[in-house]
Amino acid sequence: MAFYFISIVLLGFIAVYALMAVWAERKISAWIQDRVGPVVTGKYGLLQTFADIFKMLQKEDITPTLADKKLFLAAPILVFTAVFMGFATIPFSPTYISSSINIGIFYLLAIVSIEVLGILMAGWASNNKYALLGSIRSIAQIISYEIPAALAILAVIMLFQTLNLQEICMQQGILSKQKIYFFGFWEVSKIGGFFAWTIFQAPHLFIAFIIYFIASLAECNRTPFDIPEAESELVAGFHVEYTGFKFGALFLAEYAMMFLVSMIAAVLFFGGWNTPLPNLASFALADYTTGTYWGIVWILLKALSLVLLQVWIRWTFPRYRMDQLMTLCWKVLIPLSFVLVLFSGIWKLFILN
Amino acid sequence: MIKLVFYLFAFLAIAAALYAVSTKQIIRSVFAMFACFFAISGLLVFAQSDFIAIAHLMIYVGGILVVMVFGIMLSQKASLSNVVLQKKSISLHQYLALLACIALFVILMYFFNLYAPNTPIHYVGSDIQILGIALLTKYLLPFELVSLLLLAAFIFTAMVTRKNKI
């Protein structure tokens, strides 16, 4: 029973989060561009996206005459299901994880590749040249950027020697059974806090985080890698023909995907549900702020801050060109992430032993 | 409940595979193959080999299927529209193919019965550690040979697709 309850709560949370994220994105973009953004509906325009979604649900559901009707219907379902399936292995607190399987992160990488197929289905079934071009670009981009993302993750899991996300979280805080070293020289197993996070456990892991973050932006089709849906050249890319609820589902999947990759980044690099407050001298802050409810608060705060960073980047950087995008991936990020994997092996063998 | 899910996956795998070979639209058959692969990886979870299940999903859905879709999209438009079947009657080579399929099935079932253990297999826990150690000790040579083969294929592809010949 608890399983069904939690999955429904999670679905509700993602829906509300997506609405608030759209509002936040509009507000932040307005502030960056020196505008005010939505102000009319509700206090600070808070109800704007709720109004938008009710309008969207009432819209006529149009299927193009020449579209492949079954695939056109199946695509948004497949895309959203794939993203939502990813949340199954994310640990929310020391005591709560939906499925504590020992292949957690590997499962997540496989789930992302299912989403690719859904995008392709949407683009092809629409029978529209813009949609098809958008989905081809999207796939080329997502498949390419999966490699540096996977290698950056590999650099991290080589140090932890487990694929289980709950165990990865455990090894970054005061609940760890192994000894944790701050940059390899200062033992912080009992101090915890941000000293024990992955990015502070070895000097090269911050670069691994940057590579993962760039790759995750590309996997979410966010600016500066939003060429699949580039408004100024492809209208809207793979979801140009979608209306009403189906468009809503695709939009929800996009924001859920942003949240999912931020959750993975929070778990792998920023200690997951571990507190940022360390035990220093007589202030045992880490002991106080570790627990089921604190865990949920910390991981959500970390993930939402990373989503905020994604939004910030969207309104700051211009779009990449296709060849620049591929050059960045294949000639910069992949060699760099291979070096990081090698460095992880050296660190594990010679520094931590 | 669990038995129901198992039969659902089994039904989905067979139905999707049959649809994939019988449909006239190539792109639909690719998506039916996706459903088939997905159901097979579900069945692998029932066989208590979850790592193989996810690896199956990753390799077939994330790799092979996407490459197939790319091939279809980049090929000529005639192949995207409905493929017209030339003949209604079954020709000789189709009979031969059917015969080969049945022969393969019989051989597989024979060896499966020959080597299948009589006692039920028990789940021993974290299978990735066992798998990793086995791959890097007992099966190191085949593992390295396969990776060498993949590297050769990789270099060959890069050579073939180069515009300026070296």
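The values are calculated or read from the model by the stated rules, or taken from the named source; none is laboratory data. Only a predicted model underlies this, so the values are computations on that prediction, with no experimental measurement involved. Neighbour counts are summed over all protein chains in view; Cβ atoms, including those assigned to glycine, are modelled from backbone coordinates with ideal geometry. Calculation scope for accessible area: heavy atoms of the full protein, side chains included, ligands and nucleic acids excluded. Shrake-Rupley method; radii C 1.70, N 1.55, O 1.52, S 1.80 Å.
Inside the range A:108-123, residues that are within 7 Å of chain B (Cβ to nearest Cβ) and among the aliphatic types (A, V, I, L, M) make up a count of 7. Regarding the range B:36-58, can at least one residue be identified that is out of contact with any helix residue (DSSP H, G or I) (no Cβ under 8 Å at 6 or more places or on another chain), assigned to a helix (DSSP H, G or I), more than 9 Å from chain A (Cβ to nearest Cβ) and without any contact (Cβ under 8 Å) to a residue 12 or more places away in the chain? No, every residue in the range B:36-58 fails to be out of contact with any helix residue (DSSP H, G or I) (no Cβ under 8 Å at 6 or more places or on another chain), assigned to a helix (DSSP H, G or I), more than 9 Å from chain A (Cβ to nearest Cβ) and without any contact (Cβ under 8 Å) to a residue 12 or more places away in the chain.
Figure legend. Inter-residue proximity from the range B:1-25: first residues part of a helix (DSSP H, G or I), second residues open to solvent by 50 Å² or more (accessible area, probe 1.4 Å) and modelled with pLDDT under 85, beta-carbon distance below 6 Å, spacing 6+ or different chains. Indicated pairs: B:6/B:46. Scanning the range B:72-89 for residues that are within 12 Å of chain A (Cβ to nearest Cβ) and open to solvent by less than 50 Å² (accessible area, probe 1.4 Å), we see that the one that is modelled with the highest pLDDT is B:72. Remark: residue A:126 matches the filter, which requires a residue to be buried (at least 19 other Cβ atoms within 10 Å of the Cβ) and either free of Cβ contacts under 8 Å to residues at least 24 places away in the same chain or away from chain B (no Cβ under 11 Å) (or both). Counting only helices (runs of 4 or more DSSP H) that sit wholly inside the range A:155-256, those with at least 3 residues that are touching a residue at least 40 places away in the same chain (Cβ under 8 Å) and touching a helix residue (DSSP H, G or I) at 6+ places or on another chain (Cβ under 7 Å) are A:165-170, A:205-219.
When we screen A:225, A:245 for residues that are assigned by TED's automatic domain parsing to the domain that holds residue A:210, crowded, with 21+ Cβ neighbours inside 10 Å, over 20 Å from residue A:167 (Cα atoms) and out of contact with any Pro (no Cβ under 8 Å at 6 or more places or on another chain), the only hit is A:225. Taking residue A:143, is it within 12 Å of chain B (Cβ to nearest Cβ), β-branched (Val, Ile, Thr), outside any loop (DSSP other than H, G, I, E, B) and farther than 15 Å from residue A:220 by Cα? When the stated conditions are applied, residue A:143 does not pass them.
Here residue A:105 does not qualify as out of contact with any Asp or Glu (no Cβ under 9 Å at 6 or more places or on another chain), more than 12 Å from every other protein chain (Cβ to nearest Cβ) and in contact (Cβ under 8 Å) with a residue 24 or more places away in the chain. Here are some residues: A:349, A:285, A:280, A:301. Which one is loosely packed, with under 14 Cβ neighbours inside 10 Å and modelled with pLDDT under 85? Answer to the check: A:280.
Taken over the range A:265-277, the criterion of being open to solvent by 10 Å² or more (accessible area, probe 1.4 Å), closer than 23 Å to residue A:152 by Cβ and among the hydrophobic types (A, V, I, L, M, F, W, C) is satisfied by A:270 alone. In the range A:1-44, which residues are of a type in the set (Phe, Trp, Tyr) and open to solvent by 100 Å² or more (accessible area, probe 1.4 Å)? Passing the criteria: A:3, A:4, A:5, A:31, A:44. As a summary of the residue check, residue A:105 satisfies the conditions (1) among the β-branched types (Val, Ile, Thr); (2) open to solvent by 20 Å² or more (accessible area, probe 1.4 Å); (3) more than 30 Å from residue A:68 (Cβ to Cβ); (4) assigned to a helix (DSSP H, G or I) except for the one numbered (2).
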